[in-house]
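The values are calculated or read from the model by the stated rules, or taken from the named source; none is laboratory data. These numbers were taken from a predicted model, which means no experiment stands behind them. Cβ coordinates were reconstructed from backbone atoms using ideal geometry, including for glycine residues, and neighbour counts include every protein chain displayed.
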Ligand SMILES: *Cc1c(COP(=O)(O)O)cnc(C)c1O
């Protein structure tokens, strides 16, 4: 057991994988049935040598791996992992520090503190805001909205942490009609329920309409939380944050911004205007495993008022002692008590690439998105469905002469063909009631050659689909 050779072996395997990743088909190469057969082994009575386990794992799992971290994966909003981030992530595992408490690991705690300051700086958020490191955007939204629930009920004279929601004043939750699914799951976790949220109409680009928000707020009384969005997953659009902030604050409402990937626009001076007004919010959620290109699981919680952030998750257990509680207790800022030191890869990659490196990456991705948008516009059989302010291009296949009624089914089938083809990956979405594609560009490795495949593959497979469609 006192043999560390599996670590070096894993590093060799990882390197081989990462070096060949750009050339792999994006989709898995094996069938799920074969994978299950190969992986479903009896629990051994006597253990198997560790080196063999690592080698077997690589051999058996490889056909089931999707090149999600590679340059031609455009589904959802999935980043890759920069080599320095992966390396720091290995150290995170090897050092195995519990980052929940300052006393547990001064190294993990100070790295987290420094990385938090760098992120606030990069996003142009208030320097005094409180920062928590969570597993992703979902937990970031949940944590921010827990702070919001605490704050708005506290102002109404209700201690929700002690008394819960039974008998509490009603909290109005107002969301844009195109809020991310994780806002609604957060509302469920928090006991608000997803259906109680008042939905505000969006415009043709997926932005919350400020005039509609004004009308909704005018009908509400009492504690109120407004959830806005920086970066719509289908269009990349930003809600008009400046107007939303002034409407929300005029009513003493808490303003939360889901900026899972959109906050990164602030890393580019040329695009920072998209986030105008964002610093006026009360809380912000962001992802690390998207545009920062660090490994899963990394997300960030930012709360303007540190006192309100710590409310929901404080666990002043007696055995932690005075010494522990006198220092920042990171476990009080997020739902987990014990957790890995996920700030290490964040610190490492921000140091390695710097402000300039991230500005360059964001700007390159936005240029690539514009490149795809103009290819879509030039193609007679493609239709773009939204403007492209950021890194997402929303479009569909629309061969001339086909009736609207056939387009959804056609695009659905084409979407399945794209996934099956394996040169690029992006699924279908529904945007403005239409089945569409919405490739998102966030991977550090993606080049012009990679994005040029998006339109090429869709048109090639689209032509094939039309040629084989019955009745044509
Ligand atoms: C991805 C995303 C989320 C959820 O983030 P996870 O890291 O998957 O939990 C929330 N909001 C938006 C806008 C997103 O793009």
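Yes or no: residue 387 surrounded by fewer than 20 Cβ atoms within 10 Å (Cβ to Cβ), touching a residue at least 24 places away in the same chain (Cβ under 8 Å) and either within 23 Å of residue 203 (Cβ to Cβ) or not assigned by TED's automatic domain parsing to the domain that holds residue 450 (or both)? Walk me through how you get there before you give the answer.
Values: surrounded by fewer than 20 Cβ atoms within 10 Å (Cβ to Cβ): yes; touching a residue at least 24 places away in the same chain (Cβ under 8 Å): yes; either within 23 Å of residue 203 (Cβ to Cβ) or not assigned by TED's automatic domain parsing to the domain that holds residue 450 (or both): yes.
For residue 387, the condition - surrounded by fewer than 20 Cβ atoms within 10 Å (Cβ to Cβ), touching a residue at least 24 places away in the same chain (Cβ under 8 Å) and either within 23 Å of residue 203 (Cβ to Cβ) or not assigned by TED's automatic domain parsing to the domain that holds residue 450 (or both) - is met.
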Legend entry - Checklist (1) at pLDDT 95 or above; (2) farther than 21 Å from residue 313 by Cα applied to residue 107, failing item: (1)
Legend entry - Checklist (1) within 16 Å of the ligand (Cβ to nearest atom); (2) under 27 Å from residue 349 (Cβ atoms); (3) modelled with pLDDT of 95 or more; (4) touching a strand residue (DSSP E or B) at 6+ places or on another chain (Cβ under 8 Å) applied to residue 234, failing item: (2)
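Could we say that residue 32 is under 26 Å from residue 421 (Cβ atoms), in contact (Cβ under 8 Å) with a residue 40 or more places away in the chain and not assigned by TED's automatic domain parsing to the domain that holds residue 427 here? Explain how you work it out, then say what you get.
Working: under 26 Å from residue 421 (Cβ atoms): yes; in contact (Cβ under 8 Å) with a residue 40 or more places away in the chain: no; not assigned by TED's automatic domain parsing to the domain that holds residue 427: yes.
Judged against the criteria, residue 32 is not a match.
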Inset, instruction - Go through the residues of the stretch 37-54 one by one and say whether even a single one is crowded, with 17+ Cβ neighbours inside 10 Å and within 28 Å of the chain's Cα centre (by Cα). - result: no
Legend entry - Residue match in the stretch 266-284 (condition: under 24 Å from residue 159 (Cα atoms) and within 14 Å of the ligand (Cβ to nearest atom)): yes
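Take the residues of the stretch 120-138 that are within 16 Å of the ligand (Cβ to nearest atom) and either surrounded by fewer than 23 Cβ atoms within 10 Å (Cβ to Cβ) or under 18 Å from residue 253 (Cβ atoms) (or both): which is nearest to the chain's Cα centre (by Cα)? Step through it out loud before you land on a result.
Keep residues of the stretch 120-138 that are within 16 Å of the ligand (Cβ to nearest atom), which gives 123, 132-138.
Restricting the remaining residues to those that are either surrounded by fewer than 23 Cβ atoms within 10 Å (Cβ to Cβ) or under 18 Å from residue 253 (Cβ atoms) (or both) gives 135-136, 138.
Values: 135: 10, 136: 6, 138: 8 Å.
Filtering first and then ranking leaves 136.
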Inset, instruction - List the number of the failed condition for residue 263; all other conditions in (1) surrounded by fewer than 21 Cβ atoms within 10 Å (Cβ to Cβ); (2) in contact with a strand residue (DSSP E or B) (Cβ under 6 Å, 6 or more places away or on another chain) hold. - result: (1)
Inset, instruction - Go through (1) within 24 Å of the chain's Cα centre (by Cα); (2) part of a loop (DSSP other than H, G, I, E, B) and name the single condition residue 401 misses. - result: (1)
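Looking at the structure I just gave you, is residue 277 buried (at least 24 other Cβ atoms within 10 Å of the Cβ) and under 27 Å from residue 118 (Cα atoms)? So that I can check it myself, show each step before the final result.
Values: buried (at least 24 other Cβ atoms within 10 Å of the Cβ): no; under 27 Å from residue 118 (Cα atoms): yes.
Criteria not met by residue 277.
Scan the stretch 100-107 and give yes if some residue there is in a helix (DSSP H, G or I) and away from the ligand (no atom under 16 Å from the Cβ), otherwise no. Lay out the reasoning, then the answer.
The initial filter retains those residues of the stretch 100-107 that are in a helix (DSSP H, G or I), namely 106-107.
Narrowing the set further to residues that are away from the ligand (no atom under 16 Å from the Cβ) leaves 106-107.
Checked against the condition, which is being in a helix (DSSP H, G or I) and away from the ligand (no atom under 16 Å from the Cβ), the stretch 100-107 yields at least one hit.
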Inset, instruction - Select from the stretch 181-221 the residues that are free of Cβ contacts under 8 Å to residues at least 24 places away in the same chain, touching a helix residue (DSSP H, G or I) at 6+ places or on another chain (Cβ under 7 Å) and under 29 Å from residue 434 (Cβ atoms) and list them in ascending order. - result: 194
Legend entry - Exclusive hit being farther than 23 Å from residue 21 by Cβ, in a strand (DSSP E or B) and in contact with a helix residue (DSSP H, G or I) (Cβ under 7 Å, 6 or more places away or on another chain), set 435, 334, 388, 376: 435
